[in-house]
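Notes for the one structure printed next.
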Amino acid sequence: MKPLAGIRILDLTNVLAGPFCCHQLAHMGADVIKVEVPGKGDLARELGADPELNKKGMGTSFLAQNTGKRSITINLKSEKGQEVFHRLLATSDVLIENFRPGVMDRLGVGYEVLKKDHPNLIYCAISGFGQDGPLKKAPAYDQIVQGMSGVMAVTGTPETAPLRVGYPMADTIGGMTAAFAVASALGNTDPNNRGCFIDVAMLEAVLSTMGWVVSNYLQLGMEQQPMGNNNFTASPSGTFNTGDGPINIAANKQEQFEAVCDVVGRPDLKTDPRFAERQARLDNRPALTELLEEAMASNSADHWVEKLIAAGVPSGPVLTTSQILAHPQIAGRGLIATFKDVPGVGRDVQVARAGIKIDREPVATDTPPPLLGQDTDVLLSEMGYSADEIAGLKADKAV
């Protein structure tokens, strides 16, 4: 099932937030056309751990979120390039960009201009801080948003905070928020009246996911403190050492706490006044953690995870990326897609899909990440340009 089959999206985005957004929509069946600068393209093409792929414009960062897209190069600073862009836009339903506010306007292709000829266009602008406000023109990458949002202030321990989350979570959340907004706009039951301007600020998108932290401040004036691997709402809920490594336990309910006590052979803790009730366990978290870790030192992490899950207690190992990707739970559900002998890479490429199944099948893209401008000629032909006209556009450096 391809819910967005027949929808065309122009992807004028770079690096991560925007490309991640468009990647989700491509998985849902949209025809995503990546509009890139001639000779340069998405900066992510030069990013990744493999220097040789970076030189080829197929960096691993680019490979991660650009499957299922077609690439056309258009020089938006060229009059003829703008003509190509407008012809392409006439066939499209959505435009997504993540330039700083004002850049598209300076190029003459901002929303106010485009909506005159394309009133049903869904225009989504992703930026660090949004299209208005005192910071609207400030540059922002994931690191900046993590710091300003308060995420870093509540991540780590009192000794290590502020600490950055170990992957670009602000970019990813911004992209996911944008994808949700675009898909919602496409769901308008009146397809002739769905044109709109969507303004996604990464800072606000991240804050909206910090519901409990934000709510505790708004309702109680309480600033959340960094607690390392502990869950601030419950105990025992966090990371615990065993005989050969750490595990996570999330005993958030009374019956789960009692089950933990039975599993580790300390049923007496259930009636200990320091731990018998939820608030008492929070107040005495260090003492409870010490007693549980003392009991679990007698056996392995795998042993305790198995026993706890069997007792109905949410529990799991602490894994590396390689370990979780090899785990049968992931390996057997079709999350990882393989594209054979990808052009520009010279070998197979594996990427993560969207993590969604429809009718028991994982949503999937059909084509590997494109070379820069790989589909320019095909797309120009689809728009009605002749071979001579395409050659002329290239000679004029319009595409």
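Could you check, for region 67-76, whether at least one of its residues is touching a helix residue (DSSP H, G or I) at 6+ places or on another chain (Cβ under 6 Å), under 25 Å from GLN143 (Cα atoms) and polar (S, T, N, Q)? Looking through region 67-76, none of the residues is touching a helix residue (DSSP H, G or I) at 6+ places or on another chain (Cβ under 6 Å), under 25 Å from GLN143 (Cα atoms) and polar (S, T, N, Q).
Take LYS136 and tell me if it is farther than 15 Å from GLU97 by Cβ, of a type in the set (Lys, Arg) and either surrounded by fewer than 18 Cβ atoms within 10 Å (Cβ to Cβ) or modelled with pLDDT of 95 or more (or both). Taking the combined requirement at face value, the residue does not satisfy it. So, LEU207, is that one part of a helix (DSSP H, G or I), without any contact (Cβ under 8 Å) to a residue 12 or more places away in the chain and within 30 Å of ILE173 (Cα to Cα) or not? No, not satisfied. With respect to being closer than 16 Å to GLY384 by Cβ, of a type outside the set (Lys, Arg), in the same structural domain as ALA178 (by TED's automatic domain parsing) and in a strand (DSSP E or B), ILE72 fits the description.
Inside region 175-187, residues that are free of Cβ contacts under 8 Å to residues at least 24 places away in the same chain and either farther than 25 Å from THR209 by Cβ or of a type in the set (Ser, Thr, Tyr) (or both) make up a count of 1. Sort out which residues of region 226-242 are more than 12 Å from ARG285 (Cβ to Cβ) and in contact with a helix residue (DSSP H, G or I) (Cβ under 7 Å, 6 or more places away or on another chain), and write them in order of number. PRO226, ASN241, THR242 - these are the residues of region 226-242 that are more than 12 Å from ARG285 (Cβ to Cβ) and in contact with a helix residue (DSSP H, G or I) (Cβ under 7 Å, 6 or more places away or on another chain). Region 290-375 holds helices (runs of 4 or more DSSP H) entirely within its bounds, and those carrying 2 or more residues that are within 25 Å of the chain's Cα centre (by Cα) and surrounded by 12 or more Cβ atoms within 10 Å (Cβ to Cβ) map to 321-326, 328-331. Of the residues in region 10-28, none is modelled with pLDDT of 95 or more, of a type in the set (Val, Ile, Thr) and more than 17 Å from the chain's Cα centre (by Cα). Does at least one position in region 248-268 carry a residue that is of a type in the set (Val, Ile, Thr), touching a residue at least 24 places away in the same chain (Cβ under 8 Å) and closer than 27 Å to THR172 by Cβ? Yes, region 248-268 contains a residue that is of a type in the set (Val, Ile, Thr), touching a residue at least 24 places away in the same chain (Cβ under 8 Å) and closer than 27 Å to THR172 by Cβ. Hey, could you check region 75-120 for residues that are among the acidic types (Asp, Glu) and either outside any helix (DSSP H, G or I) or not assigned by TED's automatic domain parsing to the domain that holds THR189 (or both) and say which is surrounded by the fewest Cβ atoms within 10 Å (Cβ to Cβ)? Among residues in region 75-120 that are among the acidic types (Asp, Glu) and either outside any helix (DSSP H, G or I) or not assigned by TED's automatic domain parsing to the domain that holds THR189 (or both), the one surrounded by the fewest Cβ atoms within 10 Å (Cβ to Cβ) is GLU97. Checking each residue in region 145-164 for being among the hydrophobic types (A, V, I, L, M, F, W, C) and without any contact (Cβ under 8 Å) to a residue 40 or more places away in the chain picks out only MET152. Total residues in region 376-399 satisfying the condition of being of a type in the set (D, E, K, R), in a loop (DSSP other than H, G, I, E, B) and either farther than 30 Å from THR60 by Cβ or without any contact (Cβ under 8 Å) to a residue 24 or more places away in the chain (or both): the figure is 1.
Taken together, the residues in region 318-359 that are acidic (Asp, Glu) and out of contact with any Phe, Trp or Tyr (no Cβ under 9 Å at 6 or more places or on another chain) amount to 2.
In contact with a strand residue (DSSP E or B) (Cβ under 8 Å, 6 or more places away or on another chain), at pLDDT 95 or above, under 27 Å from ILE173 (Cβ atoms) and assigned by TED's automatic domain parsing to the domain that holds LEU43: does that describe THR376? Spelling it out, it is not the case that THR376 is in contact with a strand residue (DSSP E or B) (Cβ under 8 Å, 6 or more places away or on another chain), at pLDDT 95 or above, under 27 Å from ILE173 (Cβ atoms) and assigned by TED's automatic domain parsing to the domain that holds LEU43. The selection criterion, being in a loop (DSSP other than H, G, I, E, B), touching a Leu at 6+ places or on another chain (Cβ under 6 Å) and more than 23 Å from ILE7 (Cβ to Cβ), does not hold for GLY48. The residues of region 113-134 that are aliphatic (A, V, I, L, M) and without any contact (Cβ under 8 Å) to a residue 40 or more places away in the chain, listed by number, are VAL113, LEU114.
The values are calculated or read from the model by the stated rules, or taken from the named source; none is laboratory data. The shown structure was predicted, so the numbers you read here are calculated from the model rather than taken from an experiment. Neighbour counts are summed over all protein chains in view; Cβ atoms, including those assigned to glycine, are modelled from backbone coordinates with ideal geometry.
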